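Encoded as structure tokens, the structure appears first; notes follow it.
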């Protein structure tokens, strides 16, 4: 198992097929991972932003009710 063996493997049709199949199989997995990660980050940001908006609105309503009761 010398360096020449590994180089010979990639010069052979077997080695080229292994590399081709690895490339063909890893490319879609990588793309799906990137797309899923991006979508997940966007969804989390939207959820957090929506929660902040609803919390701020609720706090505003509570403050207005508290002020109205004190008058």
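Throughout, read-outs are computed from the coordinates displayed, never taken from laboratory work. Because the structure is a prediction, the values reported are computed rather than measured. Neighbour counts are summed over all protein chains in view; Cβ atoms, including those assigned to glycine, are modelled from backbone coordinates with ideal geometry.
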- Note on the structure: Most exposed first, judged by fewest Cβ atoms within 10 angstrom, 11, 71, 16 run 71, 11, 16
- Task: Provide Rg and Dmax in Å for the chain, with only Cα atoms included in the calculation.
- Result: 28.8, 90
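Helix-derived [θ] at 222 nm for the chain: sum -39500 (n - 2.57) over DSSP H runs of at least 4, divide by residue count, nearest 500?
On the way: 2 runs with 67 residues, N = 71.
Here the helix-only value at 222 nm equals -34500 deg cm²/dmol.
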- Task: At 7 Å along the Cα-to-beta-carbon direction for both residue 57 and residue 13, put a label point, then send me their distance in nm to one decimal.
- Result: 6.7
